[in-house]
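The values are calculated or read from the model by the stated rules, or taken from the named source; none is laboratory data. Just so we're clear, the structure is a prediction, and the values are computed from it rather than from any experiment. FYI the Cβ positions are ideal-geometry reconstructions off the backbone, even for glycines, and counts take in every protein chain you see.
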Amino acid sequence: MRTQVGIVGAGPAGLTLAQLLHRQGIESVVLENRSREYVEHRVRAGVLEQGTVDLLVEAGIGERLQREGLVHHGIGIQFDGERHRIPLSELTDGRTIVVYGQTEVVRDLVRARLAEGLPLLFEVADVRVHDLDTDRPGIRFTHDGAEHALACDVVAGCDGYHGVCRPSIPAGVISEFSREYPFGWLGILADVAPSNDEVVYAHNERGFALLSMRSLELSRLYVQCRPDEDLAEWPDDRIWEELQLRLGLEGWTLHEGPVLERGVTGMRSYVAEPMRYGRLFLAGDAAHIVPPTGAKGLNLAIHDVRVLAEAIVAWYRTGSTTLLDAYSDACLRRVWRAEHFSWWMTSMLHRLEHDDDFGLKLQLSQLRYVTSSHAAAVSLAENYVGLERV
Ligand code: FAD
Ligand code: PHB
């Protein structure tokens, strides 16, 4: 088998890259080790920046997103018993965010690719990338019990944080930067209309909580928990009780409903530099992770593959490697802005177990500042909706 671009991973990064390349007449093969069912049901991100939405629309897969996505013009920040609104659009020349689940983005991309009869293989195993430092890189894998070899011009490592591509780079090539957080999020999807029409981030002495949604009928909610929290200790009643305590406000009701899905996510900041080794290009979570408090992970993944697709197209058209050579630096500027913003939001909103009252007072002061100073609110808003230039 031979293709132009071998793509490892059918998450948002790999699938979007394949779609962007296809629109420019470049062939690719996408290899995914999970089943279609699994990748289409993995509940994760929900907030798309306007730039992400624009790209998906331009890439020809935005039809349902434009129809069903919920356009939001602001977010709530709650602390000290009060909810404040950050009017994102007012503060950023009319920019918006769209709430549309990652599951839906992935479904739209998978459907578009399979409808065109383009290669996307699920449940591949034993994926190995090789000869990355030559101009004939390749991927070996097994599928349906048979061993396959795929020769490529370029390999795109879009296989997430736990993938095989990044660890295939020889030691010493990559520098890693990271931070672990001593907490996680317990997230639920609930069959109940969202109790607020905008996303709410809540600082509370019991710990952080987040109110979000997936549609006008489905709520998505999170509470800060231990990173290794045992879900068995969280029956539905306890989850709702905790959400009520952390999100509750005088004169406002948090509506409860059946819990459809639940999971615990650890939190990490991580960057691998450079995002390239020879003909292997890393994109999305394979190269960097942010804690979800800034809603940036999926948006960064889409930005990476936009830059990568442009660079690959330019290389095939002109033979020039200028854009491919600039790929890592071009992405890392945005990555580090998002790393800082996500770390900052996380530090401002979570309860830090070993922190003293001094830390708490600093958080409250910062929260008051971003909800009362125009300049501070603009800074939060422009980062949240996604900076046009970084
Ligand atoms: P992934 O989605 O991880 O996709 C990688 C794919 O590669 C997977 O399908 C995986 O199965 C496959 N794979 C792995 N190993 C192999 C292998 N060896 N061979 C073949 N395939 C392989 N981001 C936001 O922007 N906004 C949010 O609101 C937000 N909220 C989040 C909430 C939660 C609870 C979590 C966990 C994440 C959130 N994120 C958010 C982050 C976002 O989900 C990720 O950044 C995004 O999924 C990255 O996409 P990706 O394609 O790079 O990686
Ligand atoms: C979500 O809807 O899942 C969501 C929203 C905002 C975040 C993270 C996750 O910061």
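Tally the residues that are without any contact (Cβ under 8 Å) to a residue 60 or more places away in the chain, among the acidic types (Asp, Glu) and closer than 21 Å to Gln78 by Cβ, restricting the search to segment 227-261.
Of the residues in that region, 2 qualify.
Find all pairs meeting these conditions: Cβ atoms under 8 angstrom apart; at least six residues apart or on different chains; first residue within segment 369-386 and modelled with pLDDT under 95; second residue exposed (fewer than 15 other Cβ atoms within 10 Å of the Cβ) and among the β-branched types (Val, Ile, Thr).
Note: no pairs meet the criteria.
Mind checking which residues of segment 25-66 are among the charged types (D, E, K, R), within 13 Å of ligand 1 (Cβ to nearest atom) and modelled with pLDDT of 95 or more?
Within segment 25-66, Glu32, Arg34, Arg36, Glu37, Glu40, Glu49 qualify.
So for segment 113-122 (the condition being in a strand (DSSP E or B), surrounded by fewer than 18 Cβ atoms within 10 Å (Cβ to Cβ) and within 13 Å of ligand 1 (Cβ to nearest atom)), does at least one residue qualify? Step through it out loud before you land on a result.
From segment 113-122, those in a strand (DSSP E or B) are 120-121; that's our starting set.
Next cut, surrounded by fewer than 18 Cβ atoms within 10 Å (Cβ to Cβ) only: 121.
Still in the running and within 13 Å of ligand 1 (Cβ to nearest atom): 121.
Yes, there is a match, as at least one residue in segment 113-122 is in a strand (DSSP E or B), surrounded by fewer than 18 Cβ atoms within 10 Å (Cβ to Cβ) and within 13 Å of ligand 1 (Cβ to nearest atom).
Please indicate, with yes or no, whether at least one residue in segment 57-68 is in a loop (DSSP other than H, G, I, E, B) and within 16 Å of ligand 2 (Cβ to nearest atom).
Checking segment 57-68: not a single residue is in a loop (DSSP other than H, G, I, E, B) and within 16 Å of ligand 2 (Cβ to nearest atom).
Across segment 79-108, what is the number of residues that are in a loop (DSSP other than H, G, I, E, B) and more than 25 Å from Gly251 (Cβ to Cβ)?
Looking only at that region, the number is 7.
Can you name every residue in segment 138-159 that is farther than 21 Å from Asp304 by Cα and over 27 Å from the mean Cα position of the chain (by Cα)?
Gly138, Arg140, Thr142, His143, Asp144, Gly145, Ala146, Glu147, His148, Ala149, Leu150, Ala151
Looking only at segment 245-266, filter to residues that are more than 14 Å from Ala190 (Cα to Cα) and not aliphatic (A, V, I, L, M); which one of those is surrounded by the fewest Cβ atoms within 10 Å (Cβ to Cβ)?
Gly251
Specify the residue that is nearest to ligand 1 (Cβ to nearest atom); the eligible residues are those in segment 276-322 that are of a type in the set (Lys, Arg) and outside any helix (DSSP H, G or I).
Lys296
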